[in-house]
Amino acid sequence: MKKLILLLLVLLTLLILAPIATGQNVEIDQRTKIAILSALDEERHAIALYQAVISKYGKVKPFVKLVEAEKRHEESLKFVCERYSIAIPENLWRSDAVILPDNLAETYSFAMESEILGIEGLDAALKFLKQEDIKTIFEHLRDASLYNHIPALQRGLKRALRGTH
């Protein structure tokens, strides 16, 4: 519930702060467009990865909730794309094409590595982003991975190593 409220607050902030809401045509540079599309691709990759885990291992924690969170993140980025007139590319990620490690413990580690790569990409973009609304979304995505997703995956890894999953 807290995450949903936070997402709604972020979207409300976008509506209030974004210049397009006032009828202004806003241009963003190519580097920013690439950062937005890269973040969108990363969210879609995470959805496919976590859906693949569910398909292979069942509804193990925290993957069902992570899929839901990543879908919300994807929607936030699609909203940014629409706001800045960036064409939303087709989602090419498919869960049935994701190759997972041989066991659940390794899969948790693999998922954490994916989250860390996503954080690194967001942090790199935050160094040059100028638009406050886009920065807010990127900070939210980074913080969700850092403070929610990775700790949940760490807990899952501990359960898998204990054999209590």
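The values are calculated or read from the model by the stated rules, or taken from the named source; none is laboratory data. In this text the structure is predicted, and so the values were computed from the model without any measurement. Here the Cβ positions follow ideal geometry from the backbone for every residue, glycine too, while neighbour counts run over all protein chains shown.
Worth pointing out:
- For the stretch 102-135, the set of residues classified as part of a loop (DSSP other than H, G, I, E, B), under 30 Å from Arg83 (Cα atoms) and not aliphatic (A, V, I, L, M) consists of Lys127, Phe128, Lys130, Gln131, listed by residue number.
- Filtered residues of the stretch 23-78 (kept if among the β-branched types (Val, Ile, Thr) and within 17 Å of Glu139 (Cα to Cα)): Thr32, Ile34, Ile36
- Qualifying residue in the stretch 58-66 (condition: of a type outside the set (A, V, I, L, M, F, W, C), under 18 Å from Ser114 (Cα atoms) and crowded, with 17+ Cβ neighbours inside 10 Å): yes
- Single residue of the stretch 71-104 satisfying the filter (of a type in the set (S, T, N, Q) and closer than 20 Å to Tyr57 by Cβ) that is surrounded by the most Cβ atoms within 10 Å (Cβ to Cβ): Ser95
- Lys61, sole failed condition from (1) in contact with a Lys or Arg (Cβ under 9 Å, 6 or more places away or on another chain); (2) over 23 Å from Leu146 (Cα atoms); (3) at pLDDT below 95: (2)
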